[in-house]
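Below is one structure; the comments refer to it alone.
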Amino acid sequence: MSKRYKDLVAAAISAKELAYAPYSKFRVGAAILAKDGRISTGCNIESSSYGLTICAERTAIFKAYSEGIREFTAIAVVSDDPEFTPPCGACRQVLIDLAGDMDFVMANAKNKLKVLRLKSLLPLAFTSKNLNRIR
Ligand code: THU
């Protein structure tokens, strides 16, 4: 596995330390890699009104967007689960909308990496292309 992805996973692991997950106790960290090499990190942040919680993946991409970063090549996600942590449905949609297809890198507790294309995680995605056809 490329050193770039090992570095990306290391950034996600550090981000996980800042997770605010008092309700689920499930800490998640994410790190998204921009085309120009910049890395933006994020963690999950929970609300007492559970549905308002934001996942690590969305925190990371929203942080990147808020700094003007628009093009990405990969995102890495880690949790304390010994198995790989796949993204929730809401994050799949937001990531496809804001990043398009890219590598989705998962790391397990033994630091073994699994890389999938985001598109394969959300087949037949609804995107801006669907909206634009009726205009
Ligand atoms: N969570 C993430 O941050 N990313 C995922 O890919 C899966 C779920 C968070 C949301 C919530 O704070 C906790 O994990 C349990 O669902």
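Coordinate-derived values only; no laboratory data. The shown structure was predicted, so the numbers you read here are calculated from the model rather than taken from an experiment. Ideal geometry is used to build each Cβ from the backbone, glycine not excepted, and the neighbour counts take in all protein chains shown.
In this structure the amide hydrogen of Arg27, modeled in the peptide plane, comes within under 5 Å of the amide hydrogens of Asp80, none closer than 5 places in sequence on its chain. Checking the cross-link pairs Lys25/Lys129; Lys16/Lys129; Lys16/Lys114; Lys63/Lys112 against a 30 Å limit on the alpha carbon distance flags Lys25/Lys129; Lys16/Lys129 as lying beyond it. Kirkwood analysis of the Cα pair distances in the chain returns a hydrodynamic radius of 15.0 Å. Averaged over residues, the count of other Cβ atoms within 10 Å places the peptides 8-17, 119-128 in the sequence 8-17, 119-128, highest first.
All other residues with a Cβ under 15 Å from the Cβ of Gly100 taken together, and with Lys, Arg as +1 and Asp, Glu as -1, what is their net charge? Net of charged neighbours comes to +1.
Taking chymotrypsin sites (Phe, Trp or Tyr not before Pro) across segment 1-62, the ones in a DSSP loop with at most 16 further Cβ atoms lying within 10 angstrom of their Cβ are Tyr23, Phe26. Counting pairs of alpha carbon atoms under 8 Å apart in space and at least six apart in sequence, what relative contact order in percent does the chain give? Relative contact order for the chain comes out at 20 percent.
Computed log10 I(q)/I(0) for segment 1-49 at 0.14, 0.24, 0.27, 0.32 Å⁻¹: -0.38, -0.80, -0.92, -1.11, from the Debye equation with unit scatterers placed on every C-alpha and solvent omitted.
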